[in-house]
Amino acid sequence: MLIAITRKVSPNISLCELTHLERQPINYENATRQHQEYEENLAKSGCNLISLAAEPDLPDSVFVEDTAVVFDELAIITLPGADSRKPETASIVEALKPHRKLFFIHEPGTMDGGDVLKVAKRIFVGITPRTNLEGIDQMRNILRPYGYSVQGVPVHGCLHLKSAVTQVREDYLLINPAWVDKSKFGRMNFIEVDPAEPYGANALMIGGKVIYPSAYHKTRRRLEAHGIDLQIVDASELAKAEGGVTCCSLIFKSNLTT
Ligand code: CIR
């Protein structure tokens, strides 16, 4: 059984952090409705939802992906790189505690979960303004006894590693090669985003399906041509806050036996 932790949109989402996008009005009602549909799609994909209450004082707290990275054996609570986002981890600790042994990234390390791409036992971590080398070293030390390799990957032009590359099938990565170097990922196959859709590389694979934003028509056709089974969602409102479809959930296998 899969569990998905989500958190409702903060009514102060308009005060979100922005790095690469110009600030534009974010309609809270639209964001909330689209987030609700996203949660329904997670449920359709077989996830049991733990939907946390909104945290009005934490504008970016809907983007729960950045606060933790969950593995079968343990979870790592991150230390988000943006100061405004550091308090987001407290409630995630409580939500994850029943499910996993917890480890923590400590200062001077920083890490956003959006920088962590898991491909089986290979963990790729974006080196970005949010995630530093110290944070990556700490993750490597935590995961070494469990047989994971952890590799830092430079990222340019976007917020997180997973803005630039995500997994869409066991053997395929969806990638924007302008933002991250393909050669860092070894022997994988690649589907490139259409050059007109630079933000189209963020897709959320759950089991055999992939949740994908409706905005990227051309890249969508490339995915369909590879036989990838898509569940299309409108994620346009939270995209204005620099969020994609991976950012709004933490998905993991339940270890609970009851
Ligand atoms: C931020 O800048 O932190 C938020 N406005 C967007 C975070 C998106 N998270 C993600 O891609 N994992």
Those residues of segment 191-209 which are in contact with a Lys or Arg (Cβ under 7 Å, 6 or more places away or on another chain) and either closer than 19 Å to Val125 by Cβ or in a loop (DSSP other than H, G, I, E, B) (or both), in sequence order: Asp194, Ala196, Glu197, Asn202
Hey, can you tell me all the residues within segment 85-110 that are closer than 22 Å to Arg140 by Cβ and in contact (Cβ under 8 Å) with a residue 40 or more places away in the chain? Ile92, Leu96, Arg100
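What residue, of Thr6, Thr19, is among the hydroxyl-bearing types (Ser, Thr, Tyr) and surrounded by fewer than 15 Cβ atoms within 10 Å (Cβ to Cβ)?
Just one listed residue meets the conditions, Thr19.
In segment 120-144, how many are open to solvent by less than 10 Å² (accessible area, probe 1.4 Å) and of a type in the set (A, V, I, L, M)?
5
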Scan segment 90-119 residue by residue and report those that are surrounded by fewer than 17 Cβ atoms within 10 Å (Cβ to Cβ) and in a helix (DSSP H, G or I). Ala90, Val93, Glu94
Counting just the residues of segment 22-31 that are surrounded by fewer than 18 Cβ atoms within 10 Å (Cβ to Cβ) and assigned to a helix (DSSP H, G or I), which one comes out nearest to the ligand (Cβ to nearest atom)? Tyr28
Looking only at segment 234-246, how many residues end up being in contact with a strand residue (DSSP E or B) (Cβ under 9 Å, 6 or more places away or on another chain), of a type outside the set (D, E, K, R) and in a loop (DSSP other than H, G, I, E, B)? 4
I need a count of the residues in segment 231-250 that are of a type outside the set (D, E, K, R), away from the ligand (no atom under 13 Å from the Cβ) and open to solvent by 30 Å² or more (accessible area, probe 1.4 Å). 2
Is there any pair with a first residue in segment 234-253 that is in contact (Cβ under 8 Å) with a residue 40 or more places away in the chain and within 15 Å of Ile206 (Cα to Cα) and a second that is of a type in the set (Lys, Arg) and in a loop (DSSP other than H, G, I, E, B) whose Cβ atoms are under 9 Å apart and which are 6 or more apart or on different chains, and what are they? Phe252/Arg100
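The values are calculated or read from the model by the stated rules, or taken from the named source; none is laboratory data. This one's a predicted model, so the numbers in the text were calculated from it and none came from an experiment. A quick note on method: Cβ atoms are made from the backbone with ideal geometry, for glycine too, and the neighbour counts reach across all protein chains shown. SASA here: full protein model, heavy atoms, side chains in, ligands and nucleic acids out. Shrake-Rupley method; radii C 1.70, N 1.55, O 1.52, S 1.80 Å.
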